[in-house]
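Here's the structure, in structure tokens; my notes come after.
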Amino acid sequence: MMRYSQMRKMDISNGAGLGVSLFVSGCDLHCPGCFNQVTWDFKNGSEWTLETEDQFMRLADRDFISRISILGGEPLADHNVAEVRMLLTHLKEHFGDRKKIWLYTGRKFEDIISKANESSQDRLRYDCLTLADILVDGPYIHDLRDLNLKYRGSANQRVISLNNSLQSGDIKLLYTSSTN
Ligand code: SF4
């Protein structure tokens, strides 16, 4: 059962525009220097239930909310990925293209694509990419930390437009400099 540490009702960080954000609990990657170590524990926070999903959907349904962000922890960890995929499916069914879905992962886009058929968990990770709009990918690397970067902590991390990248096979990056 997935757990979450925080649900933000109004969030101006973690994505473009005014959004709602969900921080799921647990991370299997343990990047050295991670500023969010409190979220590594899969037992942290509260249970993610149908009721909490309903609450999150209602928060996202408000007209002034244009973006929904799923962060962690690691949303695509084995322990979380099935429930994150389910949530993304429900969000897409309910909102279509009305809200942009931002997904954060410490994994790399290319690795998720290349491993898509290796296991059922890998397939679920790939499915998540097809359901979200924007992926912020890669581990946090402390030596590459840059406070001027938008929506990410270190220079190796990327903001990827998923529709374009999955269709063309070329990774389409967004917010490549701190000025846009
Ligand atoms: S993936 Fe995110 S939460 Fe996990 S260790 Fe890396 S920076 Fe921390």
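Between K92 and A155, the simple label model (points 7 Å from Cα in the Cβ direction) yields a spacing of 3.5 nm. Highest mean packing first, where packing is the average number of other Cβ atoms within 10 Å per residue, the peptides 10-19, 69-78, 167-176 line up as 69-78, 10-19, 167-176.
For the chain, with equal point scatterers placed on the C-alpha atoms only and solvent neglected, what are the log10 I(q)/I(0) values from the Debye formula at q = 0.12, 0.14 1/Å, to two decimals? Log-scaled intensity ratios, in q order: -0.51, -0.71. Work out the FRET efficiency for K115 and S168 from their Cβ-Cβ distance, taking R0 = 25 Å, and round it to the nearest 0.05. After rounding to 0.05, the efficiency reads 0.80.
For L174, nonlocal amide neighbours, meaning residues 5 or more places apart or on other chains whose placed amide H falls under 5 Å from its own, are V159, I160, S161.
Secondary-structure-derived ellipticity at 222 nm for the chain, considering helices only, amounts to -9000 deg cm²/dmol, per-run term -39500 (n - 2.57) for DSSP H runs with n ≥ 4.
Taking max minus min of the alpha-carbon positions on each principal axis, region 1-54 gives extents of 30, 27, 12 Å, largest first. Given a cut-off of 18 Å, name the pairs among K9/K108; K100/K172; K150/K172; K9/K99 whose C-alpha atoms lie farther apart than that in the structure shown. Result: K9/K108 exceed 18 Å.
Each value in this text was obtained by applying a stated rule to the coordinates, not by laboratory testing. For clarity, every value in this text was computed on a predicted model and none was experimentally measured. Cβ coordinates were reconstructed from backbone atoms using ideal geometry, including for glycine residues, and neighbour counts include every protein chain displayed.
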